[in-house]
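The values are calculated or read from the model by the stated rules, or taken from the named source; none is laboratory data. Just so we're clear, the structure is a prediction, and the values are computed from it rather than from any experiment. Here the Cβ positions follow ideal geometry from the backbone for every residue, glycine too, while neighbour counts run over all protein chains shown. What goes into the accessible areas is simple: the full protein's heavy atoms, side chains included, and nothing from ligands, DNA or RNA. Shrake-Rupley method; radii C 1.70, N 1.55, O 1.52, S 1.80 Å.
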Amino acid sequence: VESSIPEHMREAWRKYSPSGFTTKDQFETEIVRHIETTLARSLFNCDELAAYSGTALAFRDRLIMDWNKTQQRQTFADQKRIYYLSLEFLMGRALDNAMLNVGLKNVAKEGLADLGFRIEDVINQEHDAALGNGGLGRLAACFLDSMASLNYPAWGYGLRYRYGIFKQEIENGYQVEIPDYWLDFNPWEFARHDVTVDVQFYGWVNKYTDDEGKQIVSWQDGEIVTAVAYDVPVPGYGTPTVNNLRLWSSKASSGEFDFSKFNSGEYESAVADQQRAETISAVLYPNDNLERGKELRLKQQYFWCAASLFDIVRRFKKTNRKWSEFPDQVAIQLNDTHPTLAVVELQRILVDKEGLEWQTAWDIVTKTFSYTNHTVLPEALEKWSVPLIQNLLPRHLQIIYEINLSFLQTVERRFPKDRELLGRVSLIEESQPKTVRMAYLAIVGSHKVNGVAELHSDLIKTTIFKDFVRIYGPDKFINVTNGITPRRWLHQANPRLSELIASKLGSYEFLKDLTLLNKLEPFVDDKEFKKEWAEIKYANKVRLAQHILKTTGVSVNPKALFDVQVKRIHEYKRQQLNVFGVIHRYLAIKSLSSEERKKLAPRVTIFGGKAAPGYWMAKTIIHLINKVGEVINNDPDVGDLLKVIFLEDYNVSKAEIIIPASDISEHISTAGTEASGTSNMKFVLNGGLIIGTLDGANIEITREIGEQNVFLFGNLSEDVEDLRHNHFYGDYQVDPELQKVFDLIKSGKFGDEGSFGALIGAITEHGDYYLVSDDFNSYTKTQDLIDETFKNQDEWVTKCITSVARMGFFTSDRCINEYADTIWNIEPLDVAEEKQVRART
Ligand code: F55
């Protein structure tokens, strides 16, 4: 490559290549240098934000060196890479993670103390990278962590949104959305103004036969928007591997964009053109498990797929291999159906640009792609209107039709007598307007399809993708149960617990092999160990209580049972069941004499989570929680027996405070609706117990940690359909205890009877789709059992320790190794030599 330094000069280059700090003094040199030069501040003008910036820049320098080496090593190794395509990466903060991964957090802590700062305050200055909605985006972030920690050559590809998920404020009990502009100072990204891709939209398709009689198809005219790469380093834990997350930002194309307009009195329209281009990557859509078919969203999807595919193909071409080897060099994982256009785009590149035969190209495509499904909820399955695609991506629509035609022909040959099957599995739904079923396109374009927990993977095979199992056979559909990274969700969020575990196991090796936690089990009878365990949980609760006091003004007793439900607000996740249960508990307290009340177990019920801005019912649930809190928290009859807290703006960094402080957390979705859930794993790993339905990963958690350690309740997924059906027959009545709760709400006790009426009506009048009434009795009885169990602290702590010891399965490392073996066919890169060099420094 002509941009590389000539051989005979490389010696000098290497001599001056920076080696990075390792000692406290070196760290202080670096941070002061950055504050005084990079940031142009001084010791008379250095606040906590400047200290954060200086620390981040010092650690960034270290990461960059390993990052560059990793990229060189991976290019040199010239082996298969995995590309993880996700519209969301919910990364949270990077500094703490970077410090722990390079193993120099203590050095930084002491160095910062010398300079007059507390490391916690410095860490808290960082803005979360909140480029995601919830579980799906956070899963992508855990996967990047695991892929780097396991030394897989892996890239993430996403969009660089200017605005991440909105910040949530609560005003008078209502959710208010504030834009999350997060890019003011982001030391973790590197703009690659030289790495750009021009992406085309609209236009028309020209088909003709050339002089040699060959069919030529070309997509012409339309408008061009440029994608600029921004790279984010992704460090692994205890390894020199630093992988790359590439995020695309949109801007007006310099070739296309009419800069002369600026001079010719059309200044305003020139600016408007420019802004239209930038709008593509401006904002993350804030809906989880809901797809609304907006044109701008489709533009985002294609913009990102086209840029990523161009980049991947460009890298492959540098290796001068035959196209048939593409799937041996490239594995592309589709995180849900959002990147499905990448399938069509690769087929277009191979056929229209590279001149491959249709079938040859299609074999390459299907060997390259695989698809992860995250939901069975019908409202979340993507369907794009055919006229919309026709207008925006005319060539892609033709290719989709051609894929469909050849797919349906195969199906017809295999099942000649089944005419209805063709209509059911067609990639095109014959609706008004017609739509493209993106999940079906993703299945047809992939060699493997996976669900994210056992129950969920079984459900997709027997319900939404049943016909495809008949067509392709069962082996194409597999399960890979989700996992979480123990680095962030144990070591970083709960350092004292991590340290206590390490002291018993003799090392921190469990952070790289979580199954080692099973060595904790013999210590369940160790009195001293149990005491320390309980002290750590208590300290975490004190910390959360301080946060609650500071942010809500409500004082809670850290000795009370902390009951937590934090996740996106959604009817299927049933926060309404929880708050109805709280009101039921309130009624019970009120009915007792003050003597009887003394026997009750005090409880703090904590909620957190965002509602999609257009999801009116979810917003009503938030409002009810806040109003119920106002009444209960100020009722002198109740006192410490019950407090109800809604924590504003739940996000990754808040989760790191909340999760380690929980005694019991709630994972109470209607059976069959929550694909997996991942916070359930985080809570148990931090020594909290869970109350849950037999849904998603709750089932596998129960299998691993033992039934006696989980509070299960509610109907089974196999019975849900019949129960729903029953709601419309006979004289259907809701649970009598739940009716009392409804009566109190309707009495106006919590204000706003009008909108709360709709919440009640969904259950009493509109079929109770989520089975709140069916599960109510089982739920409250199980809550009573929790109260009883919590009274015996010794027994409780035993359950917690036993559970943690059995959580090894749920590391995202196991999960990534399963993807690597069963889907990607890819090996980790050997970094043994680098590791030795590293061990010496
Ligand atoms: C975001 C946008 C759209 Cl259009 C659809 C869905 C989402 C989204 O955020 N989904 C999501 O978070 N799904 C969750 O994925 C987790 C990881 O697999 C699961 O644990 C969880 O059950 C599922 O709801």
Handout entry: Search result, residues across the stretch 676-711 that are within 16 Å of the ligand (Cβ to nearest atom), open to solvent by 10 Å² or more (accessible area, probe 1.4 Å) and of a type in the set (A, V, I, L, M)
Key = LEU694, ILE699
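Restricting attention to the stretch 304-318, which residues are part of a helix (DSSP H, G or I) and either of a type in the set (S, T, N, Q) or away from the ligand (no atom under 16 Å from the Cβ) (or both)? Reasoning before the result, please.
So in the stretch 304-318, the residues part of a helix (DSSP H, G or I) come out as 304-317.
Hits for the stretch 304-318 are ALA306, ALA307, SER308, LEU309, PHE310, ASP311, ILE312, VAL313, ARG314, ARG315, PHE316, LYS317.
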Exercise for the section: Filter the stretch 1-24 down to residues that are open to solvent by 80 Å² or more (accessible area, probe 1.4 Å) and in contact (Cβ under 8 Å) with a residue 24 or more places away in the chain, then give me how many there are. Expected result: 2
Exercise for the section: Keeping to the stretch 280-316, report how many residues are under 26 Å from GLN175 (Cα atoms) and exposed (fewer than 15 other Cβ atoms within 10 Å of the Cβ). Expected result: 4
Handout entry: Pairs with Cβ under 7 Å, 6+ apart, first in the stretch 102-113 and open to solvent by 60 Å² or more (accessible area, probe 1.4 Å), second charged (D, E, K, R)
Key = GLU110/LYS24
Practice task
Tell me, yes or no, whether the stretch 353-369 has at least one residue that is farther than 30 Å from GLU571 by Cα, basic (Lys, Arg) and buried (at least 18 other Cβ atoms within 10 Å of the Cβ).
Solution key: no
Problem - Candidates GLU737, GLU753, GLU788 - the one that is open to solvent by 80 Å² or more (accessible area, probe 1.4 Å) and modelled with pLDDT of 95 or more - result: GLU788
Practice task
Could you check how many residues of the stretch 225-279 are assigned by TED's automatic domain parsing to the domain that holds LEU183 and either part of a loop (DSSP other than H, G, I, E, B) or surrounded by fewer than 17 Cβ atoms within 10 Å (Cβ to Cβ) (or both)?
Solution key: 6
Completion exercise
Turns out the helices (runs of 4 or more DSSP H) fully within the stretch 1-80 with at least 1 residues that are within 33 Å of the chain's Cα centre (by Cα) are 24-33, 48-77
Fill in the blank from the handout: With the first residue restricted to the stretch 275-295 and required to be within 19 Å of LYS567 (Cβ to Cβ) and within 13 Å of the ligand (Cβ to nearest atom), and the second required to be of a type in the set (Phe, Trp, Tyr) and open to solvent by 60 Å² or more (accessible area, probe 1.4 Å), Cβ contacts under 8 Å at 6 or more apart or on different chains are LEU284/TYR163
Exercise for the section: Might you let me know whether the stretch 591-612 holds any residue that is open to solvent by 10 Å² or more (accessible area, probe 1.4 Å) and closer than 18 Å to LEU549 by Cβ? Expected result: yes
Fill in the blank from the handout: Quick count over the stretch 83-114, residues being part of a helix (DSSP H, G or I) and under 21 Å from the mean Cα position of the chain (by Cα), is 5
Fill in the blank from the handout: Residue set TYR52, TYR84; condition assigned by TED's automatic domain parsing to the domain that holds PHE143 and open to solvent by less than 80 Å² (accessible area, probe 1.4 Å); output residue TYR84
Exercise for the section: Name the residue, out of VAL351, VAL330, VAL343, that is closer than 18 Å to ILE428 by Cα and away from the ligand (no atom under 14 Å from the Cβ). Expected result: VAL343
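Kindly provide the set of residues from the stretch 514-533 that are in contact (Cβ under 8 Å) with a residue 24 or more places away in the chain and open to solvent by 40 Å² or more (accessible area, probe 1.4 Å), ordered by number. Walk me through how you get there before you give the answer.
Keep residues of the stretch 514-533 that are in contact (Cβ under 8 Å) with a residue 24 or more places away in the chain, which gives 514-521, 523-524, 529-530, 532-533.
Matches in the stretch 514-533: THR515, LEU516, ASN518, LYS519, GLU521, PHE523, GLU532.
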Exercise for the section: Residues being open to solvent by less than 30 Å² (accessible area, probe 1.4 Å), in a loop (DSSP other than H, G, I, E, B) and closer than 20 Å to TYR615 by Cα: count how many of those fall in the stretch 133-187. Expected result: 7
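The rows are residues; the columns are (1) open to solvent by less than 10 Å² (accessible area, probe 1.4 Å); (2) modelled with pLDDT under 95; (3) closer than 30 Å to ILE701 by Cα.
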{"residue": "PRO416", "(1), (2), (3)": "no, no, no"}
{"residue": "TYR440", "(1), (2), (3)": "no, no, no"}
{"residue": "GLY445", "(1), (2), (3)": "yes, no, no"}
{"residue": "VAL452", "(1), (2), (3)": "yes, no, yes"}
{"residue": "ASP458", "(1), (2), (3)": "no, no, yes"}
{"residue": "THR462", "(1), (2), (3)": "no, no, yes"}
{"residue": "VAL469", "(1), (2), (3)": "no, no, yes"}
Handout entry: Answer from ALA141, ALA130 - the residue that is in contact with an Asp or Glu (Cβ under 7 Å, 6 or more places away or on another chain), in contact (Cβ under 8 Å) with a residue 24 or more places away in the chain, within 16 Å of the ligand (Cβ to nearest atom) and within 26 Å of GLN300 (Cβ to Cβ)
Key = ALA130
Handout entry: Residue list for the stretch 317-344, restricted to those being open to solvent by less than 10 Å² (accessible area, probe 1.4 Å) and either more than 23 Å from THR822 (Cα to Cα) or basic (Lys, Arg) (or both)
Key = LEU341, VAL344
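Conditions tested, residue by residue: (1) in a helix (DSSP H, G or I); (2) outside the structural domain of ALA560 (by TED's automatic domain parsing).
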{"residue": "ILE760", "(1), (2)": "yes, no"}
{"residue": "GLU795", "(1), (2)": "yes, no"}
{"residue": "THR798", "(1), (2)": "yes, no"}
{"residue": "CYS815", "(1), (2)": "yes, yes"}
{"residue": "GLU818", "(1), (2)": "yes, yes"}
{"residue": "GLU827", "(1), (2)": "no, yes"}
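Could you please find all residues in the stretch 217-231 being touching a residue at least 40 places away in the same chain (Cβ under 8 Å) and of a type outside the set (Asp, Glu)? Please lay out each step first, then the result.
Within the stretch 217-231, the first condition is being touching a residue at least 40 places away in the same chain (Cβ under 8 Å), and the residues that meet it are 217-219, 225-227, 229-231.
Across the stretch 217-231, the qualifying residues are VAL217, SER218, TRP219, VAL225, THR226, ALA227, ALA229, TYR230.
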Exercise for the section: Spot the failing condition for SER385; the list is (1) within 16 Å of the ligand (Cβ to nearest atom); (2) closer than 30 Å to ALA453 by Cα; (3) among the small types (Gly, Ala, Ser), and only one is missed. Expected result: (2)
Exercise for the section: Note down all Cβ pairs under 6 Å where the first residue falls in the stretch 545-561 and is more than 26 Å from ASN792 (Cα to Cα), the second is of a type in the set (Gly, Ala, Ser), and they're at least six residues apart or on different chains. Expected result: LEU549/SER555
